[in-house]
Amino acid sequence: VPSAFLIRGLSNPSGPQDADRDGILDRLDNCASVANPTQADCDADGIGDACELADGAMDVNGNRVPDACECIADVFDDGFINGADLGILLSQWGQGEGAEGDINRDGVVNGADLSILLGTWGPCGV
């Protein structure tokens, strides 16, 4: 196989494979079907975050980290989603971009954020 063929990032059929062309060989890649050069795996389950997101894992705040690994509605940042978070969210109702209560980062604190908060009510990481 000519070296120019390999330089372009095309796979070498007789050598190591990198199907997603992220620089990690398939046999070492925790998500060989989706490029993920950092190999991020927030829940340490052996499946890269990129694959979990591609398979439908929620990421309502759009930060490319599955929501199951974060406690995105813990606005008060105390490890619990409870009345303290609800109070902050309600006090910021209608506020725009940058408000802590804008859990899904859509630019406004509204019912969508309230729904996320209520749907994840309780201790984080459970």
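Computed values, structure above
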read-out: Count of region 81-113 residues which are more than 20 Å from the chain's Cα centre (by Cα), not charged (D, E, K, R) and not in a loop (DSSP other than H, G, I, E, B); value: 11
read-out: Selection count where residues are surrounded by 17 or more Cβ atoms within 10 Å (Cβ to Cβ), at pLDDT 90 or above and touching a helix residue (DSSP H, G or I) at 6+ places or on another chain (Cβ under 7 Å), scope region 58-71; value: 3
read-out: Odd one out for residue 53 among (1) within 13 Å of the chain's Cα centre (by Cα); (2) open to solvent by 40 Å² or more (accessible area, probe 1.4 Å); value: (2)
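Let's see how each residue does on (1) in contact with a strand residue (DSSP E or B) (Cβ under 8 Å, 6 or more places away or on another chain); (2) buried (at least 19 other Cβ atoms within 10 Å of the Cβ); (3) aliphatic (A, V, I, L, M); (4) more than 25 Å from residue 106 (Cβ to Cβ):
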| site | (1), (2), (3), (4) |
| --- | --- |
| 30 | no, no, no, yes |
| 35 | no, no, yes, yes |
| 42 | no, no, no, no |
| 46 | no, no, no, yes |
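The values are calculated or read from the model by the stated rules, or taken from the named source; none is laboratory data. Since this is a predicted model, take the numbers as computed values, not measurements. Methodologically, a virtual Cβ is constructed for each residue, glycine included, from the backbone with ideal geometry; neighbour enumeration extends over all protein chains shown. Protein only, heavy atoms only, side chains kept; ligands, DNA and RNA dropped before computing areas. Shrake-Rupley method; radii C 1.70, N 1.55, O 1.52, S 1.80 Å.
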